[in-house]
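Student: One structure, pasted below without further comment.
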Amino acid sequence: MNNALRYADLLRLNAWIRKNGDTWHFHCATRTVQESKLFPVPAYMVLSYLQSFYRYPELLRRLDQTLSAESIGDRLREVSTKGNIINLSCIPQFYLAGRQTLIELGLLRATDALEDLIFVEDFAERLNLSYHRNHAHVLPSDCNLRAQILPERRLQVFEADALGMRRGDRLHTTLKRFMATANQYALLSHCESRLGIWNHGPYRCREHEEMLVRGFADLGEGDLPWLDGIAAKVSHNNLALPMIVADTHFNIVDDWASFEATPAFDHDNVVAVGLYTSDVLSEGEIPVAMDNAATLAEFLEHEGAILGEATRELWQRMAGWNRDQMLDAGVMMYAGVAKDLFHVAGIYAQSDWFTIDPRAQRVKPLLNDEYARDFLAELLGHVSLPAQQGSPYGMNKWADGPGDMWSPVPYAVLAGAPRTTTCGGSRPGSTALVQKQGQWLTTRGKLSLDEYNRAARAFTPALCADRYRFLDDAWLRDHGASAEADRLYQLDQQTSRQLAGRGARVTRAALDHLRAERSAGRDELGETAFLVLHALAVKKSAAAAEVAHLMRLATTEVDAALEVAVADGYAVAAQARYVVSPDGRDRLMTEYRSRFAALRVDTGMNAAYARFEVINRQLLALMTRWQTVEVSGTSLPNDHADTDHDAKIIDALGDLHERANPVLSTFAMRIARLAVYGELLSAAYDRVLDGELDYMSGARVASYHTVWFELHEDLLRLLGREREA
């Protein structure tokens with residue numbers, strides 16, 4: 001025990017303990033119900049508190065030696081991950097709940113493990129102070145139950161790039177359906193808890209508008225071992241959705257990431273939305289499918305279908321678990337609220353979070369459903385357990401009774417009262433569940449844990465580097481016209497379609513003008529009109545049916561769009577085929593710059609394109625070998641009489657096709673419609689294997705070479721690149 005413990009330190013500790021107790025008393029009494037038809041939620045909650053008590057001290061000390069609580073809080077504020085408002089607020093609470101449980105069971109005194117208590121609660125307080133620094137409170141409960149997390153620079157981008165919608169249109173309908181599906185999936189994957197869902201805000205936008213930022217964490221294959229295989233098709237591990245809502249005021253966005261609004265929140269009042277992904281390896285938030293309303297709607301439909309299927313498979317998997325397995329999963333889920341801090345530092349170990357400490361395991365026999373339910377109700381709701389009681393004259397913050405949720409440290413320790421320092425180090429744990437086997441889905445692709453940790457240790461986001469870390473909105477008031485302020489804002493703006501390069505001088509009037517222009521539809525072609533014109537440019541010349549097939553549009557839609565394109569001078573018709581006119585090419589160039597600014601600086605997309613170009617060069621060489629043969633040093637057309645020669649080339653195509661598939665999947669994750677090329681290439685390759693050799697490189701059919709050429713042209717246009725000579 002540190003004999004230098006000061007009275008002031010203990011005063012601050014007890015005030016922080018009291019703040020946590022008051023916050024949780026309010027939330028537990030008014031904000032939640034801890035029950036499930038599937039999981040023994042009260043039992044796993046109690047057990048998770050013990051797991052937190054025994055594991056957090058050693059783990060957080062190890063973390064503190066690598067990266068400070070303040071640095072971690074700063075980094076987590078810049079991205080959307082499991083290290084969010086609800087998880088960070090739970091870290092001090094779960095430790096205190098474990099301590100209180102042991103006190104009530106007679107296994108601990110309020111003066112025991114004092115050094116552990118001081119360290120864990122101090123670390124958690126510093127972490128929350130840093131994360132919440134933009135509103136200078138430690139928890140939203142200190143800010144009239146508002147969570148003002150983000151700086152102006154990020155909120156400007158969210159608002160400027162948000163895609164408008166109207167009640168009943170495709171994006172509006174798709175968003176509502178996606179949110180319902182994602183909520184259901186996140187609740188189930190997190191063992192019927194809200195720990196995979198978060199909100200913060202509200203933030204003021206235009207008059208009568210507020211922005212609520214909502215999101216989901218741990219959607220894909222990653223830390224949660226029960227998602228291995230089931231979440232293999234999920235595109236992004238974390239998603240953030242800034243939603244602008246009209247004529248709705250959010251009264252509460254609390255520490256537990258729930259909200260209340262006046263009038264009650266109604267999806268019909270959402271007027272604009274964005275979609276972003278991020279993690280501890282990304283430079284801030286990365287736009288997802290935000291080129292326009294149609295691409296976003298298409299992605300949400302596609303991803304919603306994936307999450308819906310994953311939910312069904314997860315129900316089947318979990319239905320086969322016994323009670324012990326469900327208990328373990330719930331414990332891991334709850335005590336794991338701190339796990340993403342270790343991803344930030346690059347020292348994450350699966351066994352730290354997905355095995356149960358033997359000291360917690362020993363309490364399992366006590367926790368039948370009835371006892372766990374009643375104990376939890378007394379601990380968190382009624383606050384009526386013996387050690388929670390104080391002077392009968394006392395009245396606590398939320399009720400007229402003498403109880404306090406968490407026991408303070410008696411000041412008598414300063415006068416020599418008996419005390420102990422620690423609960424002891426972590427001990428090897430166990431679990432009834434299958435261990436993690438797969439990789440981790442990140443913004444840099446799927447990585448092994450070693451690769452993930454190495455990448456995290458080597459990475460410091462630009463906004464968290466010393467040059468920019470402390471340049472906050474308060475600093476901006478006196479330095480908004482400086483070059484340094486412009487550079488700070490441009491870091492957030494680099495993937496913005498509307499604000500890229502504008503710096504720190506974006507005004508409210510400018511944002512209003514941008515949104516008014518977009519609402520009026522003057523900034524870009526309609527989605528079908530753009531896709532039709534783009535398809536003509538990709539195919540060089542096409543009939544309506546060919547355009548419809550490539551863009552997955554109805555032929556009637558395409559016919560109407562082509563008629564308008566010809567009338568506007570963007571396309572020329574000849575013998576039922578269409579080509580893009582010079583004016584149409586110019587309009588497309590403008591559209592590409594506007595629609596795909598974010599895609600063009602997407603590091604994942606550009607890395608995938610670099611791999612594509614390597615395969616492209618090899619494919620072109622392969623097609624040359626297919627079309628010609630060398631005879632006595634002279635290149636002649638291949639008459640395909642040498643079947644062995646052709647068979648070797650077809651085998652080589654199979655190897656290239658297999659290598660191309662992950663690259664094509666990366667493209668489709670960014671732009672969902674690009675998935676059609678993978679389907680067409682697979683169909684062409686299958687026909688080659690069946691002996692239809694025209695499907696290798698024939699110009700009159702959808703051959704492998706033709707489809708590949710069109711895919712390449714499509715990518716060149718989206719990314720603003722030139723075809724290699």
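Student: How would you rank 138-149, 336-347, 611-622, highest first, on the average number of other Cβ atoms within 10 Å across their residues?
Tutor: 336-347, 138-149, 611-622
Student: Give me the extension gain from Q435 to S448: residue separation times 0.36 nm, minus the current Cα-Cα distance, reported in nm with one decimal.
Tutor: So the extension gain works out to 3.2 nm.
Student: On to the next question. Determine the gain in length on full extension of the stretch D644-T603; use 0.36 nm per residue of separation and subtract their C-alpha separation, reporting nm with one decimal.
Tutor: That works out to 10.6 nm of additional length.
Student: Going by C-beta contacts inside 10 Å, put E679, E121, E546 in order with the fewest on the left.
Tutor: Fewest-to-most Cβ neighbours within 10 Å comes out as E679, E546, E121.
Student: Same structure again: Given S141, F259, L175, which one lies farthest toward the positive end of the charge dipole of segment 115-274, if we put +1 on the Cβ of every Lys and Arg and -1 on the Cβ of every Asp and Glu?
Tutor: Going by the Cα projections, it comes out as L175.
Student: Subtracting the Cα-Cα distance from 0.36 nm times the residue separation, let me have the gained length for L38 to S635 in nm, one decimal.
Tutor: So the extension gain works out to 207.9 nm.
Student: To the nearest 0.05, how large is the calculated FRET efficiency for R617 and A399 if R₀ is 60 Å and r is the Cβ-Cβ distance?
Tutor: After rounding, the FRET efficiency stands at 0.25.
Student: How high is the FRET efficiency from L689 to R317, r the C-beta distance, R0 41 Å, rounded to 0.05?
Tutor: Here the calculated transfer efficiency is 0.70.
Student: Report the FRET efficiency, 1/(1 + (r/R0)^6), for T590 and Y468, where r is their Cβ-Cβ distance and R0 is 35 Å, rounded to 0.05.
Tutor: The computed FRET efficiency comes out at 0.60.
Student: About the Cα centre of the chain, how large is the charge dipole given +1 on each Lys and Arg Cβ and -1 on each Asp and Glu Cβ? Please answer in debye to the nearest 20.
Tutor: Dipole about the Cα centre, nearest 20: 1280 debye.
Student: Can you give me the angle between helix 643-670 and the longest principal axis of the chain, using Cα atoms only, in degrees from 0 to 90, rounded to the nearest 10?
Tutor: Orientation of helix 643-670: about 50 degrees from the principal axis.
Student: With a cut-off of 8 Å between alpha carbons and a minimum separation of six or more residues, what is the relative contact order of segment 173-314 in percent?
Tutor: So the answer I get is 25 percent.
Student: Skipping prolines and chain starts, which residues have an amide H placed within reach, meaning under 5 Å, of the one on V271, given they are 5 or more residues away or on another chain?
Tutor: Correct list: I244, V245, A246.
Student: Would you mind checking segment 125-152 for residues with the amide N under 19 Å from a putative spin-label position 7 Å along Cα→C-beta of E260?
Tutor: 140-148
Student: Next question. Could you tally the net charge around S430, taking each other residue with its Cβ under 15 Å from the Cβ of S430, Lys/Arg +1 and Asp/Glu -1?
Tutor: +2
Student: Note down the net charge around F123, summing +1 for each Lys or Arg and -1 for each Asp or Glu among other residues with Cβ under 9 Å from its Cβ.
Tutor: -2
Student: Follow-up question, since we're still on this one. For the residue pair S482 and T556, what label-to-label distance in nm results when each label sits 7 Å from Cα along the Cα-to-beta-carbon direction?
Tutor: 6.1 nm
Student: Choose one of G501, A483, L471: the residue whose Cα lies farthest towards the positive end of the charge dipole of segment 471-520 (beta-carbon charges +1 Lys, Arg; -1 Asp, Glu; about the Cα centre).
Tutor: Farthest towards the positive pole: G501.
Student: Something else now. How far apart, in nm, are the 7 Å Cα→Cβ label points at Q184 and E378?
Tutor: The modelled label-to-label distance comes out at 3.9 nm.
Student: Rounded to the nearest 500 deg cm²/dmol, what is the calculated helix-only ellipticity per residue at 222 nm for the chain, with -39500 (n - 2.57) per DSSP H run of length n ≥ 4?
Tutor: -16500 deg cm²/dmol
No lab work stands behind these numbers, since they all come straight from the coordinates. What you are looking at is a predicted structure, and each value in this text was computed from that prediction instead of being measured. No Cβ is skipped: glycine too gets one built from the backbone with ideal geometry, and neighbour counts run over all protein chains shown.
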